[in-house]
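Undergrad: Mind having a look at this structure? Questions to follow.
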Amino acid sequence: MNRRHCAAAAITLVCALSLLTVPVQAMAAPTPDSTPSPSASAPSSPGPSSEKDLEKVREQIETLYRQAAAATDAYNLAEEQTKKQSGEIVKLAKAIVDGQARIAELKDRAGAQAREQYRNGGLPPGAQLVLSDDPQLFLDGVNKVRTSQQASKTVLAELNRTQEDLETYTQDASSNWHKLETNRVKQAKAKKKINVRIAAAEKLESELETEERARLRRLEQEAANRAQSAWLATRPVQDVEAISGEASAAGKAAIAFATAQIGKPYVWGATGPGTYDCSGLTMRAWAAAGRPIPRTSQEQWRLLPRIDIKDMRPGDLIIYHADASHVAMYVGDGTIVHSPRPGRHVTLAGAGSMKILGVVRPDK
């Protein structure tokens, strides 16, 4: 048996074992959905009796969770931007306080110079020199005048510069505050969308009978197996052999972290240690390997170096769906480790079990 067939058989075995070990969920009360969409409408009771009807439910649930995943990415990105803007505002606030203190100090120095001139009778330095009949005092006075003039110029220049900086800091703080509020609005909208989609999906599943939920799990696994087999069938034998190559040292560390999380539940927006969403898992795994990467799957796709699938090696990240809303880590032999969706746990799956957008390498 060639290596390609071995990979396919291994995936099938992993999927079968995961199906046998998944407990049947207890029926839950339907979750209210205040803004249902046509795609989120649940089948009328009693539940679907045919495989065809149940397959439609599976597709609806998959669509809802895909939409929730995209909204989760938007939420996570807004959260990262909010943290960044908050940090910038704190820095600017300190700079403003420091600038105000410096301006007060410079004004005190300028005031002291003005008071000194007043004590000298208000005469300008040149006049005071002319009135002096001691040559040495005259020369000393010249030096003092020059020094005083230079000091005054320095104080005034620094005062103007500090005031300009303070104005810039204030404008930047105002801009960052506006961005912060914008990101908070984005977060709130994304959170609402996530909750609506997840509630609709959970409602669809909760209205199924116990036996139908078990059949739904089987249909999910069968769909993933078909996609995996189709993906393997499109890869030349040499590609399948190539993408089972050696991981880098950092890649091995990232894989070790990610696979150690198997069995932990998916929670949107979570980055561990007890729960993860898809990009939270990959981010933490590569951070554990000493390579910080962006927080969201969309940012990982946008910012990390891209490579061809045929050059993929263990530790690389596979980005899924046209909107880059899901990410998994390739572990070799056509297998990924990922955190799938709400209601599921970190697990192994086929690399081709979802629509692949592309591959990125954090340590390229």
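The values are calculated or read from the model by the stated rules, or taken from the named source; none is laboratory data. Source: prediction; values computed, not measured. Neighbour counts are summed over all protein chains in view; Cβ atoms, including those assigned to glycine, are modelled from backbone coordinates with ideal geometry. Surface areas here come from the heavy atoms of the whole protein model, side chains and all, with no ligands, DNA or RNA. Shrake-Rupley method; radii C 1.70, N 1.55, O 1.52, S 1.80 Å.
Undergrad: Find how much the distance from Trp177 to Ala110 grows on full extension, using 0.36 nm per residue of separation minus their present alpha carbon separation; answer in nm with one decimal.
TA: Numbers: separation 67, 0.36 × 67 = 24.12 nm, distance 3.43 nm.
Gain in length upon complete extension: 20.7 nm.
Undergrad: Now for a different question. How many Å² of accessible area per residue for segment 269-364, probe 1.4 Å? If you can, show how the numbers build up before the last one.
TA: Working: 3160 Å² over 96 residues.
Heavy-atom SASA per residue in segment 269-364 reads 33 Å².
Undergrad: Next question. Could you compute the FRET efficiency for Lys91 and Arg184, with r as their C-beta to C-beta distance and R0 at 22 Å, rounded to 0.05?
TA: Working: r = 19 Å, r/R0 = 0.87.
Step by step, r from the Cβ atoms, then E = 0.70.
Undergrad: Let me ask something additional. In segment 48-95, what percent of the accessible surface is made up of carbon and sulfur (1.4 Å probe, ligands and nucleic acids excluded)?
TA: Details: 1310 of 2410 Å².
Accessible surface attributable to carbon and sulfur in segment 48-95 totals 54 percent.
Undergrad: When the accessible area of segment 182-295 is computed with all protein chains present and a 1.4 Å probe, what percentage of it is carbon and sulfur? Don't jump to the answer; show the numbers that get you there.
TA: Working: 2810 of 5100 Å².
Of all accessible area on segment 182-295, carbon and sulfur atoms account for 55 percent.
Undergrad: Okay, moving on. Taking the simple approach of a point 7 Å from Cα along Cα-to-Cβ for both Ala260 and Leu219, what is their distance in nm?
TA: Placing both labels 7 Å beyond Cα along the Cβ direction yields 3.9 nm.
Undergrad: List the lysines whose alpha-carbon lies under 26 Å from that of Lys193, not counting same-chain residues fewer than 8 positions away?
TA: Lys56, Lys83, Lys84, Lys179, Lys203, Lys264, Lys355
Undergrad: Cβ neighbours within 10 Å, averaged per peptide: list 57-69, 96-108 in order, most packed at the top.
TA: Values: 57-69: 20.8, 96-108: 14.3.
Averaged packing, sorted descending, gives the order 57-69, 96-108.
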